[in-house]
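Beneath this line is the structure, given in structure tokens, with notes to follow.
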Amino acid sequence: MLTRRAAVAALLTTATAAAHAQTDGPYPNRPVRFIVPAAPGGPTDVMARMVSTGLGAKFGQPAVIVNRAGAGGNIGVVQVAKSPADGYTLLIASTGFVVNASLYRDPGYDPFKDFLPITELGSSPNVILVPPSSPITSIRQLIDKAKADKEKLDIINPGQGSTPHLTAELLQLKAGVPVENIPYNGAAPAIQALLAKTTPVGITALPPAHPHIKSGALRALAITAEKRWFDLPDVPTMEEQGFPGFVSETFQGMYAPVGTPDAIVQRVARDTLEVLADASTLEKLRGVGFDVRANGPQGLAQRVAREVPMWRDIIVQSRIELQ
């Protein structure tokens, strides 16, 4: 008969072997979680869900989207940073990932030290919106009305530190119009507030606003792209309305916790790039307002390195109070 100590040791050995059996073998051999640090329905959530469908087929395992909104996205990002570096908990985040490093005194993560880039997914311009019943039909009218009222212009956005928020700050800097930013917890709630006419003006990324612009439920005054969007030919750019260089985008990227084996990073990157190259997926993403940017680990690393200091400069110039 086994002694009590030997029995316990045998149980521990069995449990350890079972745990290894669950993690050993070709990656992935169980569901992969993608943490989205934003509310459902926003652009990052839309992108994640479209990509996850193709990834699940390639993995032969479920690609599960988990929304972890809060603290401008920091809650979800920190969760991934603290997760095991085994490839089973990954991050799909928007531009807030690079903005929050400068917007928060302590965001809880370092975009360079705590994460490995997998691939950029897509990018979309921001769009300045009003309800269709609004008398305002152009950016110039919006600016003139704001100056005439001599009050701060209320503009809702998807969240503090989002590129729509910083787009409003750019408008304030370039047009000389005082702005009162009203942050919501995600693009979907911000869009709903606009539809309900809670506030007269809003700025979001294009994807969540796109169907409402197409249906006429919202009016787009301008997009912050270098050129007009292919299926919104009547919506001018900010540059066309007298603001040269006024270009701002919201981009989505996929990241792994630092320490994740390179073989796993490369596998996920390869599969994701194949999903993004699929003609059907490409058409769907473009149709809802995304410009697909399948750039792989190096391309995403370059974008992060470029945008962290870029947004830091805008935050400093706008004198935004650190969170």
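Side notes on the structure shown:
- Using a cutoff of 8 angstrom between alpha carbon atoms and counting only pairs six or more residues apart, the relative contact order for region 125-241 works out to 36 percent.
- Region 243-323 shape via C-alpha gyration tensor axes, a/c threshold 1.5: oblate
- Computed Kirkwood radius, in angstrom, where 1/r is averaged over Cα pairs of region 125-241: 13.8 Å
- Debye, to nearest 20: dipole size of region 125-241, +1 on Lys, Arg Cβ, -1 on Asp, Glu Cβ: 160 debye
- Estimated vicinal HN-Hα couplings, Hz - region 153-163 in sequence order (Karplus 6.51, -1.76, 1.60; Gly, Pro = x): 7, 6, 10, 8, 8, x, x, 4, x, 5, 5
- 222 nm mean residue ellipticity, helices alone, for the chain (DSSP H n ≥ 4; -39,500 (n - 2.57); rounded to 500): -14000 deg cm²/dmol
- If you take all other residues with their beta carbon under 15 Å from the beta carbon of Asp45, and give Lys and Arg +1 and Asp and Glu -1, the sum is +4.
- Sparse-neighbour loop sites [trypsin sites (Lys or Arg not before Pro); region 70-147; at most 10 other C-beta within 10 Å; DSSP]: Arg105, Lys113
- Cross-link reach list, lysines versus Lys150, counting only Cα pairs under 26 Å and skipping chain neighbours closer than eight places: Lys174, Lys197
- Spin-label model, Ala196/Thr53: points 7 Å from Cα along the beta carbon direction are separated by 3.0 nm.
- With all pairs of different C-alpha atoms in the average, the Kirkwood value for the hydrodynamic radius of region 232-288 is 14.9 Å.
Here, each number is a calculation from the coordinates, and none is a lab measurement. Keep in mind it's a predicted model, so treat the numbers as computed, not measured. In this analysis, Cβ positions are derived from the backbone assuming ideal geometry, glycine residues included, and neighbour counts consider all displayed protein chains.
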